Amino acid sequence: MPAGWAPEHPVGQLVLRVTCAEEAALADAVPSERVAWIETTVALAAGEWPAEAGLDVVLADPARDAPLLYDIARLRHERPMRVTIEGVPGVATAARVAMALQLPVRLRLQQPTEATIAELAAVLEGYLHDPQATAPVEFFHSALARRLHGTPLTLWTALERDPAVHRRVADDGGPDPRAPPQDDGFVAAHLARLVADGAECARCRFRGLCAGYFKWPDSSYECAPVVGLLGQLDAAANVLERDLADSADGAR
Amino acid sequence: MSGRPLSLILLPTLDCNVACDYCFEEKARLSLARDQLDAVTSAILDHMAAQGTTRAELYWQGGEVLLLGPAWFEHAHASMARAAAERGLSLHHSIQTNLIGYGPQWDPVLREMFDGSLGTSMDFPNDHRRLKNGSTARYTEVWLRSVRRAREAGLAVGVIAVLHAGSLGVSARDFLSFYTQEAGIDDLQVNLPFPGGPGTGGDTLRTEPLTRFLLDLLDVWMQEGFDRGVKLSPFDALFDAFSGREARLPCIWQPNCANEFAAIDARGNVALCDCWVTSYPEHRFGNFFRAKSLSQMLGASPARQAFLDRPKHLMQHEDCARCPHLSLCHGGCPVRTFAATGTILAKDPYCEVYKALFARCRELAAEAVQRRPPRARARPV
């Protein structure tokens, strides 16, 4: 939520959104034990923040903002830090820079275009094979964890868009109209509706992971390109699984 | 506390006992007096406190540091350790010497202050390192004798080899063998030259023959050195990186070296590293003896800010952000860039050499991983 709305929400952990210097001062007034993260821009990231608060640095224009990560990468030694990158053109370049600086990444995706998915494939290649890419890239990291360890999660939770866990407050203090409805049962109901309507989800092998994530807000979104991306991730999981099985055999 | 160590390069003397014709340093018969060292120590400790770090790594270089004599270092070690301990801080020391003036009188302080290790420098073939009488052959003899004596005294000796045009005319096998067989050193770092300062003969090397030589050297090291535990930087660090191990990549490939280092010379001049501090006055951060504090100087220096801004500029104006090797290189070394192009706002002139090395190390590391037994190969997510 915008930092100024924190007093209206006296219970629970808060992710404070700070987009200007005035909001930064408001964030400083929130008791630090209630602040889970500060979500801010790359231009403001190097400011003064409550001690120990994590920073989620949002790259709204990835191509423009990515070089600026070099100005703030050192902050990861002072507090938890993550980079959220909008799934728009330039996402691959920004993710490459963030990974090169060993910064955790969250890809903020909502029904990406085919061109963006091609960029996401390049991000996945870096995440899987770049020797210096040691920090998680979400949702790839959670998807692998689900596949390899059975971690019970969906893309909604991995990308922090499940309203049962994360609720997004708009600048006017009301529910953010760009976020899913603020209903704890939204994800299950959304998926059930898609299946009942005969959407691709009914036959999709990634339904458990995706839970209709890419079919929102437009249920007619064509999933084939994104299924291809998930397939690449699945193939990588197969290789890892095989190596882990070999490892177990070797240990016996 | 950030927990990250502070790294400082100290040049307590600008005097030197040899006459290498490609040296980039402006030498002078000038050394840091003991009272000046106390001031430097206080400033370092103040800066550590300001940075919230409890550990500093100090790299002692020259000029030629052994000209100061063992007593100077014994005093420095004791007084610096005492001052640091009073503030709950720790200082760790490394030394880089040409070894020409080395003798057994140095062994106690090398063991005490430098943990029994020293770094030295030698090229093969030695075309540029000369004694004051101009002889390269005699220089090599004296150096080899010193290395042998230091090793016999139980000291660990590492060597930096700067490649030059003559190096590219010898075989990689002969090159490696000179260090490992003739000198008996199994810890070697290969540096690429730059035509800095007043020196001559350190010209930027052409991409094609340099790449060929380094790839040959990499292959020879894999065949004859790797399994015997010979460390050859930067190949070993790249090998670690591509094998999924923690890698200590050299300073030329740090995300932003201006965040990592500063150098202080015997005049009190402060700059990015030893390559800059004596030779490029316009790129200095300031003078330590005239500044309020080291922290204030570093924070306010436009010259330092220019270095800090360099990687960002490269991402905007070069092809680095699209390079698959970005995470290993970050645009490379500013001094090699400046010496070759006259600006720091360009990528490293050895870019294509680095790319060839990265690609080959990646292949070799993958082959090595495949040769390992499965248990050693898998790494859980």
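The values are calculated or read from the model by the stated rules, or taken from the named source; none is laboratory data. As the structure is a prediction and not an experimental result, all values here were calculated from the model. Cβ sites come from the backbone with ideal geometry, for glycine too, and all protein chains shown count toward neighbours. Ligands, DNA and RNA are excluded from the accessible area calculation, which covers all protein heavy atoms including side chains. Shrake-Rupley method; radii C 1.70, N 1.55, O 1.52, S 1.80 Å.
Data overview
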read-out: Pairwise burial A:B, computed as accessible area of each alone minus the pair, summed, 1.4 Å, Å²; value: 2300 Å²
read-out: The range B:1-87: relative contact order in percent, alpha carbon pairs under 8 Å with at least 6 residues between; value: 47 percent
read-out: Rounded to 5, the percent of DSSP beta bridges in chain A classed as antiparallel; value: 5 percent
read-out: Helix A:91-100 vs. chain A, principal-axis angle (Cα, 0 to 90°, nearest 10); value: 80 degrees
read-out: Protein-only accessible surface order, largest first, of A:Val165, A:Val58 at 1.4 Å; value: A:Val165, A:Val58
read-out: Separation of alpha-carbon centers, the range A:1-49 and the range B:301-361, rounded to whole Å; value: 36 Å
read-out: For the range B:101-249, the fraction of alpha-carbon pairs in successive 5 Å shells from zero, as %; value: 2, 9, 17, 20, 19, 17, 11, 5, 1, 0
read-out: For chain B: relative contact order, % (alpha-carbon pairs under 8 angstrom, 6 or more apart); value: 17 percent
read-out: Rough spin-label spacing in nm, given labels placed 7 Å along Cα→Cβ, for B:Glu282 and B:Ala83; value: 3.4 nm
read-out: DSSP bridge pairs, the protein assembly as shown: antiparallel proportion in percent, nearest 5; value: 10 percent
read-out: Residue-count net charge about A:Leu209 - beta-carbon cut-off 10 Å; Lys, Arg +1, Asp, Glu -1; value: +3
read-out: Among B:Cys329, B:Ala33, A:Met81 - extreme Cα towards positive end, dipole of the protein assembly as shown, charges at beta-carbon; value: B:Ala33
read-out: Positive-end residue of B:Cys16, B:Ala340, B:Ala71, charge dipole of the protein assembly as shown with Cβ unit charges; value: B:Ala71
read-out: Rounded FRET efficiency, nearest 0.05, which uses the C-beta distance separating B:Ile160 from B:Arg290 and R0 of 51 Å; value: 0.95
read-out: The range B:59-144 - charge dipole about Cα centre, Lys and Arg +1 at Cβ, Asp and Glu -1, debye rounded to 20; value: 160 debye
read-out: Relative packing of peptides B:340-349, B:233-242, B:122-131 - highest average C-beta neighbours within 10 Å first; value: B:233-242, B:122-131, B:340-349
read-out: For chain A, size of Cβ-based charge dipole, Lys and Arg +1, Asp and Glu -1, in debye; value: 620 debye
read-out: Reach of B:Lys347 by Cα under 14 Å, taken over aspartates and glutamates that are not fewer than 8 positions away in the same chain; value: B:Asp309, B:Glu318, B:Asp319
read-out: Peptide A:120-132 - average C-beta neighbours from other chains (10 Å radius); value: 3
read-out: Average beta-carbon neighbours from other chains, 10 Å sphere, peptide A:98-105; value: 3
read-out: Paramagnetic label zone (point 7 Å from Cα along Cα-to-C-beta, A:Arg193; backbone N under 19 Å) in the range A:211-248; value: A:211-223
read-out: Angle between chain A longest axis and helix A:140-149 axis [Cα atoms, degrees, rounded to 10]; value: 50 degrees
read-out: Part-to-part distance (alpha-carbon centres) for the range B:73-150 and the range A:138-213, which is given in Å; value: 62 Å
read-out: Mean Kyte hydropathy of -0.5 or more with a Cα span along the axis of at least 27 Å, helices from DSSP in chain B; value: B:351-371
read-out: Carbon/sulfur fraction of accessible area - chain A, other protein chains in place, 1.4 Å, %; value: 54 percent
read-out: Only Lys, Arg (+1) and Asp, Glu (-1) charged, at Cβ; the range B:208-367 dipole about Cα centre in debye; value: 720 debye
read-out: Peptide ranges A:193-204, B:61-72, B:155-166 listed from the most packed, as the mean C-beta count within 10 angstrom indicates; value: B:61-72, B:155-166, A:193-204
read-out: Candidates B:Arg304, B:Arg29, B:Arg149: whichever shows maximal mean-square fluctuation once chain B is modelled as a Gaussian network with Cα springs under 10 Å; value: B:Arg29
read-out: Prolate/oblate/rounded call for the range A:1-155, Cα gyration tensor, a/c under 1.5 rounded; value: prolate
read-out: Mean Cα-pair separation over length for chain A, i.e. relative contact order, pairs under 8 Å, 6 or more apart, %; value: 12 percent
read-out: FRET efficiency estimate (nearest 0.05) - Cβ-Cβ, B:Ala137 to A:Arg79, R0 56 angstrom; value: 0.45
read-out: Value at 222 nm in deg cm²/dmol, rounded to 500, when DSSP H runs of n ≥ 4 in chain B each add -39,500 (n - 2.57); value: -12500 deg cm²/dmol
read-out: Within straight-line cross-link reach of B:Lys231, lysines at Cα separation under 22 Å, skipping those fewer than 8 residues along the same chain; value: B:Lys355
read-out: Most positive-pole-ward Cα, B:Ala56, B:Gly201, B:Ile95, against dipole of chain B from beta carbon charges; value: B:Ala56
read-out: Counted charge near B:Pro125, where neighbours are those whose Cβ lies closer than 15 Å (Asp, Glu -1; Lys, Arg +1); value: -2
read-out: Exercise: per-residue mean of other protein chain Cβ atoms within 10 Å, A:146-152; value: 1
read-out: Chain B shape via C-alpha gyration tensor axes, a/c threshold 1.5; value: rounded
read-out: Between the range B:199-271 and the range B:1-72, the alpha-carbon center distance in angstrom; value: 22 Å
read-out: Hits among aspartates and glutamates - C-alpha to C-alpha of B:Lys132 under 18 Å, sequence gap 8 or more where chains match; value: B:Asp15, B:Asp21, B:Glu25, B:Glu26, B:Glu64, B:Asp123, B:Glu141
read-out: Difference of contour (0.36 nm per residue) and Cα-Cα distance, B:Glu224 to B:Asp35; value: 63.1 nm
